[in-house]
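The values are calculated or read from the model by the stated rules, or taken from the named source; none is laboratory data. Note that the structure is predicted; figures quoted are calculated from it, not measured. For neighbour counting, all protein chains shown are included, and Cβ atoms are generated from backbone atoms with ideal geometry for every residue, glycine included. Only protein heavy atoms, including side chains, enter the accessible area calculation; ligands, DNA and RNA are left aside. Shrake-Rupley method; radii C 1.70, N 1.55, O 1.52, S 1.80 Å.
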Amino acid sequence: MNIDLHTHSSVSDGKLSPLEIVRQARLAGVEMLSITDHDTVAAYTQIKDQGPASLAIIAGVEFSTQWKRTGIHILGLNIKPDSDAIHCAVAIQHDARLMRAQRIADNLRRLGIENAWEGAKLMAGDSVIGRPHFARFLVDSGVVRDFNEAFRKYLGAGKAGDVRQYWAPMASVVQWIRDAGGIAVLAHPDKYQLTNTKLSLLLDDFSDSGGEGMEVISGRQSTDVTSKLANLCRQKALLASCGSDFHQLGQCWAELGRVAALPLDCKAVWERWT
Ligand code: AMP
Ligand code: MN
Ligand code: MN
Ligand code: MN
């Protein structure tokens, strides 16, 4: 089955509208899709009634949080997007994003870059503001040549834009997801550059908080990473998920619906709702 449970639309930092994602997903032969925007479920008001049964749409979200000193992402899958728990969570995270964006702009000003707040706001428009909007501003204003340089010099881990102290704690994020009827899944565990010991500790803390799953497949990844994550998933008795982390067409490492199958010995998260 073609399953993609991690994608982004233009209501956060993706390029396609929610309706365009659904259309592209059908073209790509996706049979089960989740749009998991950063700290918002606004996509789901735009794609109501989108569903002949050939494409099952599972409501989802990707929340930002912090574990120790690392920024972490947690997917909420099969949530009720209209629930009070999600409305409340999204409001809290939006406040955090606004305060964080102002702090990022202050940090950039100290490095001699003026007007980053206004610039990033303009790039974001109605979307939920995030570092990619700062990246677009830095590229457009000629401070850097491209997106990668923006993250490497200004926005990535350890740089001026790496502000994480505003996010709600991991246990609260997991609880919001559970209260909304969903399953909390640790997103892209291999992307945090944690040692194996730290990653194991993170998964233990995540499970203790009520987290139930982890992504074993995230976009295009090596078979070494897949087997490392599959082993961890089994050891920690977590459910396995898979997704592209699609943001726009043409990125070969994160193409919509191009997600490797889960290793057979993993227990799939969708068994909980199918
Ligand atoms: P934020 O939600 O504001 O923390 O921004 C995180 C988003 O920035 C991620 O979901 C990616 O879409 C994007 N991103 C993170 N790191 C990089 C990078 N090194 N290069 C390009 N985009 C990145
Ligand atoms: Mn993103
Ligand atoms: Mn993420
Ligand atoms: Mn994502």
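Out of all the residues in the stretch 41-89, which are open to solvent by 10 Å² or more (accessible area, probe 1.4 Å) and within 16 Å of ligand 1 (Cβ to nearest atom)?
V41, A42, Q66, W67, R69, T70, G71, H73
Taking the condition under 18 Å from the mean Cα position of the chain (by Cα), assigned to a loop (DSSP other than H, G, I, E, B) and either within 16 Å of ligand 3 (Cβ to nearest atom) or not aromatic (F, W, Y) (or both), does V163 pass?
yes
Pairs under 8 Å by beta carbon, first residue under 19 Å from L201 (Cα atoms) and in contact (Cβ under 8 Å) with a residue 40 or more places away in the chain in the stretch 56-75, partner β-branched (V, I, T) and assigned to a loop (DSSP other than H, G, I, E, B), six or more apart or different chains?
L75/T36
Please pick out the residue among I72, I57, I47 that is more than 16 Å from ligand 3 (Cβ to nearest atom), more than 19 Å from R272 (Cα to Cα) and among the β-branched types (V, I, T).
Among I72, I57, I47, only I47 is more than 16 Å from ligand 3 (Cβ to nearest atom), more than 19 Å from R272 (Cα to Cα) and among the β-branched types (V, I, T).
Among the listed residues A135, A120, A171, which satisfies the condition of being part of a helix (DSSP H, G or I) and in the same structural domain as L203 (by TED's automatic domain parsing)?
A171
If I filter the stretch 91-110 for residues that are of a type outside the set (S, T, N, Q) and not in a helix (DSSP H, G or I), do I get at least one hit?
For the stretch 91-110, residues of a type outside the set (S, T, N, Q) and not in a helix (DSSP H, G or I): absent.
Residues in the stretch 15-39 that are open to solvent by less than 10 Å² (accessible area, probe 1.4 Å) and either within 16 Å of ligand 1 (Cβ to nearest atom) or farther than 20 Å from R220 by Cβ (or both): how many?
Number of matching residues: 8.
Could you tell me which of the residues D13, D39 is on the phi > 0 side of the Ramachandran plot, within 16 Å of ligand 3 (Cβ to nearest atom) and at pLDDT 95 or above? Please lay out each step first, then the result.
Values: D13 fails: on the phi > 0 side of the Ramachandran plot.
Result: D39 is the single residue among D13, D39 that is on the phi > 0 side of the Ramachandran plot, within 16 Å of ligand 3 (Cβ to nearest atom) and at pLDDT 95 or above.
Being in a strand (DSSP E or B) and either in contact with a helix residue (DSSP H, G or I) (Cβ under 6 Å, 6 or more places away or on another chain) or surrounded by fewer than 17 Cβ atoms within 10 Å (Cβ to Cβ) (or both) is the filter here, so list the residues in the stretch 230-272 that pass it.
L239, A240, S241
State whether the residues of the stretch 239-262 include one that is assigned by TED's automatic domain parsing to the domain that holds L33 and farther than 21 Å from V30 by Cβ.
no
Read through the list (1) open to solvent by 60 Å² or more (accessible area, probe 1.4 Å); (2) assigned by TED's automatic domain parsing to the domain that holds I35, then give the number of the only condition that D126 fails.
Going through the list (1) open to solvent by 60 Å² or more (accessible area, probe 1.4 Å); (2) assigned by TED's automatic domain parsing to the domain that holds I35, D126 breaks only (2).
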